[in-house]
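Only one structure is covered here, and it is reproduced in the block below.
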Amino acid sequence: MGTLNDYRDREHWSYSSLNQFLNICSLQWAFQRFYKIVPKFTPAAISFGSTFHRVMEAISSIRKEGKSPVKKEATALFNDLWHRQVKEEQNIRLDEGITVEDMAKQGQELTACIMDAIDPAEQVVSINEPFAVPIIDAEGNSLDKPLIGELDLVIEKNGRKVVDWKTSARRWPKFQAKHSLQPTVFLYAYKQLHGVDCGFRFDVVVKNKTPVFEQHETTRTTDQFNRMVELIKLAERMVQHEHFCPNETSYYCDSCPFGEACSSWHRERSKLISVAA
Amino acid sequence: MLKLNASFSKKIPVAGQDFSSQSYHASVEVELSDALEPRQIQERIHETFKIVKEAVETELNGKSQPTNKTEFQPERNGNGSSEKASNKQIKYLTDLARVRDISVSELNSQAKKIYGADSIYDLTKKDASKLVDSLKTGNLKAA
């Protein structure tokens, strides 16, 4: 079975790469993936999300075997994995006033919350299904790079759905799922892989004082897939010409691991332009 | 003093490029003793040619070190070099498939069925080339 790491060995696009380029900050994308600057730190939220995913994988594996996961074991697993992750990752940066133990407690509460929301009637079809598919535009022309990624979960209940797990600092606005790039990317891949359309659902646990579980379902059309491919083509042209633009108002700026490189970016760029001129 | 010149050349198609091929050629010149019997000369010709042929095949399959075996070694899984097909190769494959109205999922199914690869991106360079050939010759058709 090809793994996501195998697919990463070739030049590619992925949802996280596209989202970073198109929606977060193309300059951050460039620092990380084009100029390959080593990030100064890993934001704690990224590590926290990663631990949460691993717990959800474990829960889903138990469900796939037709068994019921035990809440107490799942919360204990989060606690173990989180502490291990903090220990192993060298440069996790916590938000001000938040401790590792605060986050351990929050993670266990979120896990308990999502466990209460599990629908036993849902059948788990696959977990962490890696994919690599060609990117083909409306005229049938394929791009050089494939689209790669991993589907968190595929379930079956009144039709098939790709499910993505999320933790969120706040409740989702009504149209967030509708406008998100992620379902477009994943459903495009699913259609290429299996030749059929599929639904998409975000399973979100909101980090409120008392965690809240939300589900947001959405679908995508062929026209939306074609639009995505045009966005990718545009991104490729921008990369080719090194047209990277800082998103000065991105919510991500405060926790950006490339903040230092970003703050001096315009000075370096001026130098380059003067030399070239 | 006798001089023996053995040479071997092989042309292979370039994946993803119509009407293109790459040619690999090697030749060796050795001196043989005048005193050799015709049968011995024949043996030396055979051995020398084998060395040259192996050298070309070795280069073609990305092996830098020659082997001691006279017969060409079977590759891993029997499917040729284990190096994965390049993005350009896969692009050519999918473009060909599109012209023949074969979807990516069908192409993936064929890759699995024929070569045991999970998807076209898991094909080796050699297997991708073979799949391209199957598409070109019409041996692979839309379901």
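The values are calculated or read from the model by the stated rules, or taken from the named source; none is laboratory data. These numbers come from a predicted model, not from an experiment. Note that each Cβ is placed from the backbone with ideal geometry, even for glycine, and that neighbours are counted across all protein chains shown.
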Are any of the residues in region A:174-182 out of contact with any Asp or Glu (no Cβ under 6 Å at 6 or more places or on another chain), aromatic (Phe, Trp, Tyr) and touching a residue at least 12 places away in the same chain (Cβ under 8 Å)?
no
For residues in region A:144-167 being more than 17 Å from A:Ile118 (Cβ to Cβ), under 12 Å from the mean Cα position of the chain (by Cα) and not hydrophobic (A, V, I, L, M, F, W, C), which is surrounded by the fewest Cβ atoms within 10 Å (Cβ to Cβ)?
A:Glu150
For region A:78-98, enumerate the residues that are touching a residue at least 60 places away in the same chain (Cβ under 8 Å) and assigned to a loop (DSSP other than H, G, I, E, B).
A:Asp95
Looking only at region B:85-124, and only at residues there that are more than 9 Å from chain A (Cβ to nearest Cβ), free of Cβ contacts under 8 Å to residues at least 40 places away in the same chain and in a loop (DSSP other than H, G, I, E, B), the one that is nearest to the chain's Cα centre (by Cα)
B:Leu123
For A:Tyr15, which of the numbered conditions (1) surrounded by fewer than 18 Cβ atoms within 10 Å (Cβ to Cβ); (2) under 20 Å from the mean Cα position of the chain (by Cα) fails to hold?
(1)
May I ask you to verify whether A:Ile46 is touching a strand residue (DSSP E or B) at 6+ places or on another chain (Cβ under 8 Å) and away from chain B (no Cβ under 14 Å)?
no
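Just the residues that are without any contact (Cβ under 8 Å) to a residue 12 or more places away in the chain, within 30 Å of B:Asp95 (Cβ to Cβ) and out of contact with any strand residue (DSSP E or B) (no Cβ under 8 Å at 6 or more places or on another chain), please, taken from region A:141-173.
A:Asn141
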Picking from B:Asn79, B:Asn68, which residue would you name as being farther than 20 Å from A:Gly2 by Cα and either at pLDDT 95 or above or away from chain A (no Cβ under 14 Å) (or both)?
B:Asn68
(1) more than 23 Å from A:Val162 (Cα to Cα); (2) surrounded by fewer than 14 Cβ atoms within 10 Å (Cβ to Cβ) all hold for A:Phe175 apart from (1)
Please give the number of the condition A:Asn158 fails out of (1) touching a Pro at 6+ places or on another chain (Cβ under 8 Å); (2) modelled with pLDDT under 95.
(1)
In region A:133-228, which strands (runs of 3 or more DSSP E) lie fully inside it and hold 1 or more residues that are within 12 Å of chain B (Cβ to nearest Cβ)?
A:142-156
